[in-house]
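K.L.:
One structure coming up, written as structure tokens, with questions to follow.
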Amino acid sequence: MELARGTHTLTFDERPLVMGVLNVTPDSFSDGGLFDTPERAVEHARRMTAEGADLIDVGAESTRPGAGTVELKDELARLLPVIEGIAALDLGVPLSVDTAKPEAADRALAAGAGMINDISGAGEAMLEVAARHGAPIVAMHMRGEPRTMQHAPRYDNVVAEIRDYLSARVAAGRKLGVDVLVDPGIGFGKTLEHNLELLANLHTLRRLDAPVVLGVSRKSFLDRLLGGVPVEERLAGTLTVNAWAAALDAADVLRVHDVREHRQLAESIAALRRHRRAAAPRRRVLARGIPGRCRVGVTAKERAEPQELLVDVEVALAPAGLGAPDELDTTVDYAELAAVAQAVAARDEYRLVETLAERVAVAVATEAGSTTGAAATDGTATGGTAAPGRIESVRVRVSKPGAARELGVAEVGAEIVWRP
Ligand code: HH2
């Protein structure tokens, strides 16, 4: 997966990217007041880049529970000198602007930021700003607003509700041609139980086919989880939760205050993943003998009527993350394989059976996610598999039983192996 803007390309591949937090606020919960002059802020951005940050997230409004809002002019007065100062250093990493105000985002992008990070979920006005600048945007889920969000938040199914909300934001972004990254918004209108439920099921966001951003750094749920740990002692908890998400391949960007330690985490995960990939058994998902009908053959006579077909599809998946959950959305659903193969056979006519096999393979790798009818373990429609990015190869064999009978042979047809 790649997101590009200007000279900076972010590649989501083998390790999660490290997004260094730079709060130019007097009151952020963990680093408020530390970088409240442009000089100190720019110096901190330089330090985080030297420590291995892949991108820097600059925010000028604290969103800690109970925080009030900051006027646009005050937010801009804090943000712009810092963004201009960092852009002038040309550190070689993209800058994102952490704001919920479309006008602040607009001005920050004009001043040199390359991405928007919107804790209020990337509404239409914000998406339009992103579209105008050609900038990617992080859509984060928040229930309510920072001032009141921790007042008894309630969900019927926190994981499904947030997944559906973020799915709608991705769709809204796509309509405008905007790349949307999704973030479940740990700590934003969520109890400890909600946060744990989301983290334990983070992989379900993979179904959205969008990069996942995770912000757990030093947050107060760690204090509650660990029974009283002050903010300056939350590094171990932060690293553990981020390592969990990274090992499961459930997060692409880790938003953190402690850059050096998280770059080490990310590199260690990448090394382990490389070794596991080499050693791990390949998973193959099969659907054999799928009956279908298709106008296929080199002569017009053969193509005049749909002929009987049998299709075998075999999908090889990249090894799952360490301890990956035993769930449908980490694999490919064979009911979908059959449905896609039948739809491709029915939708067109082909001279060569190998062309049909090739089209089935491409459709399985790219469209298997868009057919419906499969049900996830939580009872919701899957709306697709989460696996397209993990498909290593698709083998398709199409045979024509009628033609084989006519020739008096056991089987005729074609087989192809396609690697996305
Ligand atoms: N968390 C905070 C701020 N912005 N953005 C995203 N995408 N995800 C997050 O989880 C997230 C965020 C809160 O953390 P911090 O910036 O350290 O504190 P404060 O809001 O008090 O400045």
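The values are calculated or read from the model by the stated rules, or taken from the named source; none is laboratory data. These numbers were taken from a predicted model, which means no experiment stands behind them. Positions of Cβ are generated from backbone atoms using ideal geometry, with glycine treated the same way; all protein chains shown enter the neighbour counts. We work out accessible area using only protein heavy atoms, side chains counted, and drop any ligands, DNA or RNA first. Shrake-Rupley method; radii C 1.70, N 1.55, O 1.52, S 1.80 Å.
K.L.:
Any residue in segment 247-263 that is over 15 Å from THR11 (Cα atoms) sitting within a Cβ distance under 9 Å of a residue that is open to solvent by 10 Å² or more (accessible area, probe 1.4 Å) and aromatic (Phe, Trp, Tyr)? List the pairs, counting only those 6 or more apart or interchain.
P.N.:
Note: pairs meeting the criteria are ALA250/TRP244.
K.L.:
Which of the residues belonging to segment 175-185 are away from the ligand (no atom under 15 Å from the Cβ) and open to solvent by 60 Å² or more (accessible area, probe 1.4 Å)?
P.N.:
If the condition is that a residue be away from the ligand (no atom under 15 Å from the Cβ) and open to solvent by 60 Å² or more (accessible area, probe 1.4 Å), then LYS175, LEU176, GLY177 are the ones that fit.
K.L.:
Taking the condition of being aromatic (Phe, Trp, Tyr) and within 9 Å of the chain's Cα centre (by Cα), how many residues in segment 181-209 meet it?
P.N.:
Residues flagged as aromatic (Phe, Trp, Tyr) and within 9 Å of the chain's Cα centre (by Cα) within segment 181-209 amount to 0.
K.L.:
Within segment 366-400, which residues are modelled with pLDDT of 95 or more and not charged (D, E, K, R)?
P.N.:
VAL396, VAL398, SER399
K.L.:
While we're on this one: Mind checking which residues of segment 186-232 are open to solvent by 10 Å² or more (accessible area, probe 1.4 Å), of a type in the set (Gly, Ala, Ser) and part of a loop (DSSP other than H, G, I, E, B)?
P.N.:
GLY187, GLY227, GLY228 - these are the residues of segment 186-232 that are open to solvent by 10 Å² or more (accessible area, probe 1.4 Å), of a type in the set (Gly, Ala, Ser) and part of a loop (DSSP other than H, G, I, E, B).
K.L.:
Within 12 Å of the ligand (Cβ to nearest atom), open to solvent by 30 Å² or more (accessible area, probe 1.4 Å) and of a type outside the set (A, V, I, L, M, F, W, C): which single residue out of ARG64, ARG47, ARG15, ARG40 fits that description?
P.N.:
ARG64
K.L.:
While we're here: In the set ARG64, ARG40, which member is over 22 Å from the mean Cα position of the chain (by Cα), at negative phi and outside any loop (DSSP other than H, G, I, E, B)?
P.N.:
ARG40
K.L.:
If you don't mind, there's one more thing I want to ask. Return yes or no: is ALA105 open to solvent by less than 30 Å² (accessible area, probe 1.4 Å), closer than 23 Å to VAL231 by Cβ and either within 16 Å of the ligand (Cβ to nearest atom) or not assigned by TED's automatic domain parsing to the domain that holds ARG234 (or both)?
P.N.:
So ALA105 does not fit the description; no.
K.L.:
Hey, another quick one. Say we look at segment 67-76 and pick out the residues that are under 29 Å from LEU17 (Cα atoms) and more than 7 Å from the ligand (Cβ to nearest atom); which of these is surrounded by the most Cβ atoms within 10 Å (Cβ to Cβ)?
P.N.:
Only one residue tops the list, namely GLU75.
K.L.:
Also, quick follow-up: Is there a residue being modelled with pLDDT of 90 or more and more than 22 Å from the chain's Cα centre (by Cα) anywhere in segment 269-280?
P.N.:
no
K.L.:
Same structure again: Read through the list (1) aliphatic (A, V, I, L, M); (2) at pLDDT below 90; (3) in contact with a strand residue (DSSP E or B) (Cβ under 8 Å, 6 or more places away or on another chain), then give the number of the only condition that MET115 fails.
P.N.:
(2)
K.L.:
Looking at segment 112-148 only, could you name the residues that are surrounded by fewer than 24 Cβ atoms within 10 Å (Cβ to Cβ), within 14 Å of the ligand (Cβ to nearest atom) and on the phi > 0 side of the Ramachandran plot?
P.N.:
Within segment 112-148, GLY121 is the sole residue that qualifies.
K.L.:
Would you call ASP57 closer than 25 Å to ARG147 by Cβ, surrounded by fewer than 17 Cβ atoms within 10 Å (Cβ to Cβ) and within 16 Å of the ligand (Cβ to nearest atom)?
P.N.:
no
The rows are residues; the columns are (1) outside the structural domain of SER28 (by TED's automatic domain parsing); (2) closer than 27 Å to VAL216 by Cβ; (3) crowded, with 21+ Cβ neighbours inside 10 Å; (4) among the aromatic types (Phe, Trp, Tyr).
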residue: ASN242; (1), (2), (3), (4): no, yes, yes, no
residue: ALA247; (1), (2), (3), (4): no, yes, no, no
residue: VAL296; (1), (2), (3), (4): yes, no, yes, no
residue: GLU302; (1), (2), (3), (4): yes, no, no, no
residue: LEU317; (1), (2), (3), (4): yes, no, no, no
residue: LEU328; (1), (2), (3), (4): yes, yes, no, no
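K.L.:
Among LEU91, LEU79, which is more than 11 Å from the ligand (Cβ to nearest atom), open to solvent by less than 10 Å² (accessible area, probe 1.4 Å) and farther than 23 Å from VAL170 by Cβ?
P.N.:
LEU79 is the lone residue from the list that is more than 11 Å from the ligand (Cβ to nearest atom), open to solvent by less than 10 Å² (accessible area, probe 1.4 Å) and farther than 23 Å from VAL170 by Cβ.
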